[in-house]
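Enquirer: Have a look at this one before I ask anything.
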């Protein structure tokens, strides 16, 4: 008997029929002898509908009241799924975030989990029940209903799996697993049998929207084996765990990409110790999120600093810089829009110094000009023109042989 | 400054516009200097929609999961109303049943309130906030979400008013007050300025669906002055309180009526001490709710017992009786359908023994045959044919001069 946490997202529980389908999957796991905790999101579009209601009332609803409002979404799903299981003769009980002991910090809209008091869940599991927990929600020390923000239900599931010492956390979603790159753009994209936490973290952070990075980080920190699989099909998904022995010969595991990138260059900044710190403190204090940063010398006394931001934050960023021009003492600001970021990811890179060079070579051969570069131990990101994005991904996918099926460890779960 | 509990039902908060309207009413009370606790129901048809969802999942959802599901309805309303007030610059906070300290017994679907822990509400009121509380819901000792059953939000409001020692509990609804009889049937029906708890209790129990009897009983037991008024119009409502000095000269205060009555007669039961007890224990053990009961002797050794039930429970009742015929030793069962109950109510009746006689006289003069009679200190009920119901009510309304405006104490609130 394995203790397993399953998580079903909004699309997977988007209708009565889908909920029945999820119930049949849970039933199968119960009949196989597993001990189950099931985390669910709000039904399909119901969160959007609640947000719409709130926006009809006011254009600036308080975060505290939004949490009060939105958490009803998951509460509806848990009760319906519990009913569906009971109708199949399976003992089940639904628990809200606060009933499940999901303690969070006392902030609204994006609270972090502080601890989980498992007593209630353990008691229900001990009675042989399937425990259905509302994702995305928790309770603060002072009894306020909180939400975990984006990717919240994934995080609920992983945190519960860690806290309950589950042998696995299964994230069921509308894709069949983690792919070498986005299959909607690259036909040859291949589903990975397994991937490491760090690789998944880079993939998740870089726009491969399968799993929220926060959930992956949680899984990595608490060593929770994650599986991403389809809630609709019965195919093997992708395992995310620390050791991925059989694929270590693969240098690049996946390619992530995103458009909507804008490059801003601040020219002629004084070449001083505190220049970088002053510039980025100013930006972060004004809620400008910066991704890639590049610094290069301009002359002995001046440097240019470039950074990438999202398209939508350009206007605000320029206003912040203009405001601070006197203090930062730069000469000029330029920007370049309609860019995209393409990243190759793989833990094998650490010991393969030629990978970045190979990437640049492929791009150059295809006349794709690289605007910015950023590297970490397990990834290389380049910023290119948006119109070159898909071609870049396809060529890199080809070059690093990602479409080819390699002998992988069969995931036995 | 008065401390007031206001309650708005489902129709009054049935849309974003209606919620804004409620917010404007609350705002007015706040500006008038009152300290406010506002109890709300689920928006309009939302409870029905949730029930529909549950019934699509299973035709026998567990009560515990239904409570989990249905309580989301009020949670949506409290957050939206709180937002609407905040948007008007009024400090407001929403509280679920469990946050408001509404402790109930550990049963689902129809739990009784055991106690209220006011700490949170008092703390929020002390901060100058309007406190919006979800009606209909509570929490049991073991942390389960419970509901109070039918009329639950009225009961929540009255219980809070009692517990918070509010000077008044205002029930805002889609009628403008309590009438001498149902104005949809009797054009001359007149709104009462005030009525006593006991009279209201009889009115409420007898089908004048303005206020749930449970809430009235609670108000009576804890001496909470209740006001029933329209949430849409700015008219004076009806006060329900212990002393109604100015109207005591009125013998009959109102006329309640309901159709859907069926009379069942069990014939030839043994004339023994335990006959009544055995018959009605059998019926209640089988969930048959009996209203009026009449016993009359048949011969020395036998009695006939008649009782009234609702039309819908006839089939079940007959089955129960058939099953128990051997044990109860009766000879035969007959029944009569398409009946109605008409009741005159007034605390002045106690000291006016001729009231019932006058009622029978009016009915006889109009060729309305009385099938059953039941009396209490403050009411007389008769069962008549359903086709005679409205005529009976009109004639009684006329005879007891209920349409005439009397000099009443003006309700100053």
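Enquirer: Going by the conditions given, is residue A:235 more than 26 Å from residue A:337 (Cα to Cα) and either modelled with pLDDT under 90 or outside any helix (DSSP H, G or I) (or both)? Don't jump to the end; show me each part of the working.
Expert: Details: more than 26 Å from residue A:337 (Cα to Cα): yes; either modelled with pLDDT under 90 or outside any helix (DSSP H, G or I) (or both): yes.
When the stated conditions are applied, residue A:235 passes them.
Enquirer: Taking the residues in region A:248-277 that are buried (at least 17 other Cβ atoms within 10 Å of the Cβ) and outside any strand (DSSP E or B) as candidates, determine which candidate is nearest to the chain's Cα centre (by Cα).
Expert: Looking at the filtered set, the residue picked out is A:253.
Enquirer: Oh, and also: Kindly establish whether residue A:2 is out of contact with any strand residue (DSSP E or B) (no Cβ under 8 Å at 6 or more places or on another chain), modelled with pLDDT under 95 and more than 25 Å from residue B:89 (Cα to Cα). Talk me through it step by step, then tell me what you get.
Expert: Details: out of contact with any strand residue (DSSP E or B) (no Cβ under 8 Å at 6 or more places or on another chain): no; modelled with pLDDT under 95: yes; more than 25 Å from residue B:89 (Cα to Cα): yes.
It is false that residue A:2 is out of contact with any strand residue (DSSP E or B) (no Cβ under 8 Å at 6 or more places or on another chain), modelled with pLDDT under 95 and more than 25 Å from residue B:89 (Cα to Cα).
Enquirer: Just one of (1) closer than 15 Å to residue B:76 by Cα; (2) modelled with pLDDT of 95 or more trips up residue A:48, so point out which.
Expert: (2)
Enquirer: Exactly one of these conditions fails for residue B:287: (1) part of a loop (DSSP other than H, G, I, E, B); (2) surrounded by fewer than 18 Cβ atoms within 10 Å (Cβ to Cβ); (3) touching a helix residue (DSSP H, G or I) at 6+ places or on another chain (Cβ under 7 Å). Give me its number.
Expert: (3)
Enquirer: Could you check residue B:114 against (1) over 14 Å from residue B:39 (Cα atoms); (2) in contact (Cβ under 8 Å) with a residue 40 or more places away in the chain and say which number it fails?
Expert: (2)
The values are calculated or read from the model by the stated rules, or taken from the named source; none is laboratory data. Computed from a predicted model, the values in this text were never measured in an experiment. Cβ sites come from the backbone with ideal geometry, for glycine too, and all protein chains shown count toward neighbours.
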